[in-house]
Amino acid sequence: MNVKVNKKAAQKIKNGYPLLVEQDLIGKFPDNTLVTLVNEANQPLATAYLSKQNKGIGWVLTTKNEKIDQMFYANQLQKAKNKRANYFADETTNAFRVLNGEGDYLPGLTIDYYNGYAVFSWYNDFILSQKALILQAFLQVYPDILGVYEKIRFKSDIANYESAHIHGNKASEPWIVKENGVNYATYLDEGLMTGIFLDQKNVRGALVDGLAVGKSVLNTFSYTGAFSVAAAFGGALETTSVDLANRSIDKTKEQFLVNGLDVDAQKIYAMDVFNYFNYAKKKELSYDLIVLDPPSFARNKKKIFTVEKNYGELIEASVDILNDQGTIIASTNAANLSTKKFKAIVTESLKNKKVQFAIERQEQLPADFRVAPEFLEGDYLKVLFIKVKK
Ligand code: SAH
């Protein structure tokens with residue numbers, strides 16, 4: 001079926017921009033189907049799929065004249081796999097992203113590799129409807145895969161669950177993966193989250209590689225304590241992990257245990273980070289390194305946390321309990337916030353606290369989370385390493 005796009009959209013498509021929004025299309029359009037996008041003169045521009053999702057109403061799949069079939073999917077998966085050759089060859093890491101949606105020119109799907117298993121994440125109903133074809137294509141490209149899981153990361157009309165096992169063996173629980181030589185306990189079929197956010201591997205790598213040596217570390221919004229474990233592995237003096245969720249206590253203990261690290265030497269709290277900051281201040285606790293990695297949006301009781309409104313408070317509270325010459329690792333995954341804006345929020349709060357500071361290092365998505373040059377919006381992660389002189 002042909003769907004007509006306006007002049008502006010035709011130009012965007014020619015430039016390789018993949019995301020379609022409602023205003024791009026002229027006239028009525030279908031949902032959850034493949035279409036040929038044509039310009040106002042009815043000349044074909046691209047093959048796309050339309051499917052409502054969080055953002056936009058569809059994605060361009062190709063501007064070449066090619067059929068969308070198992071071979072197409074296998075080609076995209078193979079090209080993506082070739083680009084990860086260095087990860088597959090790295091004996092210290094066996095968990096990483098092998099397909100990053102539009103960054104690998106297969107929008108709507110990401111695939112993570114967990115030490116022999118694969119976890120598919122679907123982002124809309126059209127791409128989900130292609131599951132059988134895509135799974136066959138995947139098995140063609142990864143014949144040795146042990147098993148496959150899936151996550152439904154949107155409000156689907158055809159699947160009313162979050163997580164399922166869809167092929168091959170089931171991984172034992174926890175399933176141990178390795179990153180920069182550190183073990184992480186993961187659960188591949190427990191809701192949407194697996195126990196590790198693979199996009200933070202560079203930051204964990206920095207902690208393993210010397211940044212944490214001899215330091216006292218406070219890890220806020222710690223989830224399963226992955227940053228704490230990386231820091232402890234990297235020679236931290238002690239770690240403190242703080243997360244609101246009760247489950248994070250046992251999960252964090254487990255991460256230390258699977259690395260043979262002394263759990264009793266670590267502090268792990270289930271509490272609101274703002275309460276923890278107050279507690280630490282009252283008890284005159286202080287740290288050499290503080291990690292801030294909040295969700296982009298969170299609600300605790302009546303309080304709503306958003307990066308734009310509340311990140312500054314986190315920075316200011318951190319400065320109060322940071323040792324002189326200490327480091328704050330300030331991270332955000334808020335896609336709608338530019339690096340420039342994030343830096344502005346952070347530097348304004350540091351100026352409010354009247355401290356000298358220097359941004360010594362910056363991280364973004366690791367190389368396995370490929371970003372298409374035509375779609376830099378996909379580059380959502382921003383991490384600043386800030387040295388503070390008090
Ligand atoms: N930094 C973690 C990932 C954080 S996920 C990592 O790299 O693994 C976000 C976490 O923030 C969740 O575990 C959630 O429970 C926690 N959280 C949300 N609001 C919070 C609050 N006000 N205080 C403490 N933790 C909070």
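Observations
- Annotation: of all residues in segment 159-177 being of a type in the set (A, V, I, L, M, F, W, C) and either under 21 Å from the mean Cα position of the chain (by Cα) or part of a loop (DSSP other than H, G, I, E, B) (or both), the one that is surrounded by the fewest Cβ atoms within 10 Å (Cβ to Cβ) is Ala164.
- Applying the criterion of being near the ligand (Cβ under 8 Å from one of its atoms) and of a type outside the set (Asp, Glu) to the residues of segment 264-274, the residue that is nearest to Lys253 (Cα to Cα) is Met271.
- Segment 275-296, residues that are over 20 Å from Val203 (Cβ atoms) and more than 9 Å from the ligand (Cβ to nearest atom): Phe277, Asn278, Tyr279, Ala280, Lys281, Lys282, Lys283, Glu284, Leu285, Ser286
- Across segment 238-257, not a single residue is classified as more than 10 Å from the ligand (Cβ to nearest atom) and in a loop (DSSP other than H, G, I, E, B).
- Hits in segment 287-327 - residues which are within 22 Å of Ala231 (Cβ to Cβ), exposed (fewer than 15 other Cβ atoms within 10 Å of the Cβ) and not acidic (Asp, Glu): Pro295, Gln325
- A single entry from Leu99, Leu106, Leu135 fulfils the requirement of being part of a loop (DSSP other than H, G, I, E, B) and either crowded, with 16+ Cβ neighbours inside 10 Å or assigned by TED's automatic domain parsing to the domain that holds Gly168 (or both): Leu106.
- Filtered residue count, segment 62-78, keeping only those that are farther than 26 Å from Ala10 by Cα and more than 21 Å from the chain's Cα centre (by Cα): 4
- Top-ranked residue of segment 207-232 - restricted to ones that are away from the ligand (no atom under 13 Å from the Cβ) and part of a helix (DSSP H, G or I), ranked as farthest from Ile386 (Cα to Cα): Ala232
- Candidates Asn82, Asn124, Asn180 - the one that is polar (S, T, N, Q), under 22 Å from the mean Cα position of the chain (by Cα), modelled with pLDDT of 95 or more and on the phi > 0 side of the Ramachandran plot: Asn180
- Failed item, numbered, when Lys28 is tested on (1) within 30 Å of Asn202 (Cβ to Cβ); (2) modelled with pLDDT under 95: (1)
The values are calculated or read from the model by the stated rules, or taken from the named source; none is laboratory data. What you see is a predicted model; the values in this text were computed from it and never measured. Please note: Cβ atoms are built from the backbone with ideal geometry, for glycine as well, and neighbour counts cover all protein chains shown.
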